[in-house]
Amino acid sequence: MKHVTKKYSNGEVTVIWQSAKCIHSGICARGLSNVFRPKESPWIKTDAATTAEIIEQVKKCPSGALSFEMNSQRD
């Protein structure tokens, strides 16, 4: 199986998904189903919730497959 890393951004935060770490627990989709939609492509819709809601849910990922980084604001 090919292991991939994908990034999804809403401009403020970038969600990073690492397929090799994912245990498919479904916590992300059950907790924030408007953002994490595994049957769709792309499966992470970062514009469907606030940055704070996304960060809170990503932190609940039990395997660490989901992580995030804040995008720097450049003036």
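Computed quantities for the displayed model
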quantity	calculated
Number of the exception - residue 37 against (1) of a type outside the set (Gly, Ala, Ser); (2) under 16 Å from residue 65 (Cα atoms); (3) touching a residue at least 12 places away in the same chain (Cβ under 8 Å); (4) surrounded by 15 or more Cβ atoms within 10 Å (Cβ to Cβ)	(3)
Residue 62 vs. criteria in contact with a helix residue (DSSP H, G or I) (Cβ under 8 Å, 6 or more places away or on another chain) and assigned to a loop (DSSP other than H, G, I, E, B)	yes
Subset tally (residues that are among the charged types (D, E, K, R), part of a loop (DSSP other than H, G, I, E, B), at pLDDT 95 or above and over 12 Å from the mean Cα position of the chain (by Cα)) for the stretch 1-38	2
Selection count, the stretch 41-56, where residues are under 13 Å from residue 8 (Cβ atoms), open to solvent by less than 80 Å² (accessible area, probe 1.4 Å) and either in a loop (DSSP other than H, G, I, E, B) or out of contact with any strand residue (DSSP E or B) (no Cβ under 7 Å at 6 or more places or on another chain) (or both)	6
Given (1) modelled with pLDDT under 95; (2) not in a loop (DSSP other than H, G, I, E, B), number of the condition residue 72 does not satisfy	(2)
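The values are calculated or read from the model by the stated rules, or taken from the named source; none is laboratory data. The model shown is predicted, which means the values in this text are computed figures rather than measured ones. Methodologically, a virtual Cβ is constructed for each residue, glycine included, from the backbone with ideal geometry; neighbour enumeration extends over all protein chains shown. Side chains are part of the model used for accessible areas, which takes the heavy atoms of the whole protein and leaves out ligands, DNA and RNA. Shrake-Rupley method; radii C 1.70, N 1.55, O 1.52, S 1.80 Å.
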